[in-house]
Amino acid sequence: MQPTHPATVLVVDDEPDVREMVRAFLEIGGFDVVAEAVDGAEAVQQYLALDPPPLPDVVVLDNRMPMMTGLEAAARMLERNPQQKIVMFSAHLDDATRAQAQDLGVAACLDKTKPARLPVVLRELLAA
């Protein structure tokens, strides 16, 4: 039996405290945070620079960020890899944002007030 490796995650948020909190919840949940970015533009730059891959198993993205929104970053990432699992993790998830995310191919949207749900949501996505 081969050893299992923790799923890898790219965390993107413009607030350092939020990135730290997300990292803590994910690491406690058994995930490996392999990279962090401070905005959508930096996330896309890091993501596109992974050539050849491995790409992260999951990208956790805030939406409202300077330089490039999470939705814009998700679109660029999904353009490169339509199978990429992306979780929009934002305090600003109105119906229109959720619909746009779904239309783009974002796998899940989770409100920032529920960070303890992140590992659960990621496990569900990776098991599907």
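Of note:
- Scanning the range 1-48 for residues that are closer than 23 Å to LEU71 by Cα and of a type in the set (D, E, K, R) yields ASP13, ASP14, GLU15, ASP17, ARG19, GLU20, ARG23, GLU36, ASP39, GLU42.
- Test for ALA91: is it of a type outside the set (Phe, Trp, Tyr), closer than 24 Å to PRO6 by Cβ, at pLDDT below 95 and out of contact with any helix residue (DSSP H, G or I) (no Cβ under 8 Å at 6 or more places or on another chain): no
- Which numbered condition THR113 misses (of (1) exposed (fewer than 12 other Cβ atoms within 10 Å of the Cβ); (2) in a loop (DSSP other than H, G, I, E, B); (3) modelled with pLDDT of 95 or more): (3)
The values are calculated or read from the model by the stated rules, or taken from the named source; none is laboratory data. In this text, all values refer to a predicted model and were calculated from it rather than measured experimentally. Quick reminder, even Gly has a Cβ in these numbers, built from the backbone with ideal geometry, and neighbours come from all protein chains shown.
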